[in-house]
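A quick write-up on the structure given underneath.
What follows draws every value from the coordinates through simple rules; no lab data is involved. In this text, all values refer to a predicted model and were calculated from it rather than measured experimentally. When we count neighbours, we look across all protein chains shown, and the Cβ atoms used for this are built from the backbone with ideal geometry, even at glycine.
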Amino acid sequence: MKDKIEVLFKEQLDKISDPELRRKTVEIWTTAAEEGGWEPDDLEKIPFTLLTDTHGINLIQHTIAVTEGALGLALAIQSNCSLPFEIDHDVLIAGGLLHDVGKLLEIERTGDGYVKSLHGKHARHPISGAILAARFDMPMAIINMIGCHAKEGEGRPQRVETVLVHQADFATFNPMVMLKKGLLIT
């Protein structure tokens, strides 16, 4: 499983300069996949959400798009604005890769497709992902990103990296919901 995750996220993992942060990011994904009962070949089949039609976009593709989107936002802001705060690219990339890792526990495959697991009925992916990251002694900045990237973070203190991942996440999710509702102008 570890080897598969390292291959899937190679380009993003290579951008993390801290080897310990890179190692823990892979370990957390590996642990979540194993605890969720997934096989390496399953990873590219898991839908990124159960809330709307994903049009074939899987969790891995979504995770990469969110990570790269958040990094792109950071680079654009940093190159065009004088900021009163720092953006930690290692934290941003690791947090982007881990923002939905809890979905490996929240979703399960059935004969008919994918459904919310019993684990997922008890704790949504931001909560289970944050707990998993804490088990691996990840920095609080990354735990904040995982726990606060979705509705659980509304009104809560957030890192700037959390805000960037949140925006990239919803830039990939909202158009799918709007398309399903007939609200996306194409």
Exercise. Residue check: is SER128 of a type in the set (Ser, Thr, Tyr), closer than 16 Å to THR49 by Cα and either crowded, with 21+ Cβ neighbours inside 10 Å or free of Cβ contacts under 8 Å to residues at least 60 places away in the same chain (or both)?
Worked result: yes
Problem set entry | Candidate set from the stretch 84-94 (those that are part of a helix (DSSP H, G or I) and touching an Asp or Glu at 6+ places or on another chain (Cβ under 7 Å)); member that is farthest from MET145 (Cα to Cα) | ASP90
For this session: Report, ordered by the first and then the second residue, all pairs with beta carbons closer than 9 Å, sequence separation of six or more or different chains, a first member in the stretch 167-186 that is at positive phi, and a second member that is outside any helix (DSSP H, G or I) and of a type in the set (Gly, Ala, Ser).
Result: none
Seminar exercise, completed: Selection over the stretch 46-83 where residues are surrounded by 15 or more Cβ atoms within 10 Å (Cβ to Cβ), assigned to a helix (DSSP H, G or I) and out of contact with any His (no Cβ under 9 Å at 6 or more places or on another chain) yields a count of 9
Problem set entry | Filter result (assigned to a loop (DSSP other than H, G, I, E, B) and farther than 27 Å from LEU71 by Cα) within the stretch 15-45 | GLY36, GLY37, TRP38, GLU39
For this session: Would you be able to say whether some residue in the stretch 121-128 is among the charged types (D, E, K, R), within 15 Å of the chain's Cα centre (by Cα), in a helix (DSSP H, G or I) and within 28 Å of PRO40 (Cα to Cα)?
Result: no
Problem set entry | Qualifying residues in the stretch 133-174 (those that are farther than 20 Å from ALA123 by Cα and aliphatic (A, V, I, L, M)) - the one surrounded by the most Cβ atoms within 10 Å (Cβ to Cβ) | VAL165
